[in-house]
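The values are calculated or read from the model by the stated rules, or taken from the named source; none is laboratory data. In this text the structure is predicted, and so the values were computed from the model without any measurement. Because the Cβ atoms are built from the backbone with ideal geometry, glycine has one as well, and the counts that use them run over all protein chains shown. Protein only, heavy atoms only, side chains kept; ligands, DNA and RNA dropped before computing areas. Shrake-Rupley method; radii C 1.70, N 1.55, O 1.52, S 1.80 Å.
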Amino acid sequence: DSDEIMTQELFINKIKTDDEFANKWGLKIEERELNVDELNIVNLLKQTSTKLITITYNNETIESYES
């Protein structure tokens, strides 16, 4: 329903799981666990991240590392 008000959490989950909805908003959110080599690099920077989150909006990409 286009008049539905959703929480931020619901909106983000829908972007992650519903390609049609994500395309409508021009967003793409991907999450993946870091591989061993990436974990070693992150640990050198004294971060405890284990996951890479990539957000793409209008052909602009933001990468964020989280635990």
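How do the helices (runs of 4 or more DSSP H) wholly within the chain filter down when requiring 1 or more residues that are of a type outside the set (Gly, Ala, Ser) and touching a helix residue (DSSP H, G or I) at 6+ places or on another chain (Cβ under 9 Å): which remain?
Of the helices (runs of 4 or more DSSP H) lying wholly inside the chain, those with at least 1 residues that are of a type outside the set (Gly, Ala, Ser) and touching a helix residue (DSSP H, G or I) at 6+ places or on another chain (Cβ under 9 Å) span 8-17, 19-25.
Can you say whether residue 55 is open to solvent by less than 80 Å² (accessible area, probe 1.4 Å) and either over 10 Å from the mean Cα position of the chain (by Cα) or of a type in the set (A, V, I, L, M, F, W, C) (or both), as far as the supplied structure shows? Break it down stepwise before answering.
Numbers: open to solvent by less than 80 Å² (accessible area, probe 1.4 Å): yes; either over 10 Å from the mean Cα position of the chain (by Cα) or of a type in the set (A, V, I, L, M, F, W, C) (or both): yes.
Criteria met by residue 55.
Restricting to region 15-36, name every residue that is under 30 Å from residue 48 (Cβ atoms), open to solvent by 80 Å² or more (accessible area, probe 1.4 Å) and of a type in the set (A, V, I, L, M, F, W, C).
Within region 15-36, 36 is the sole residue that qualifies.
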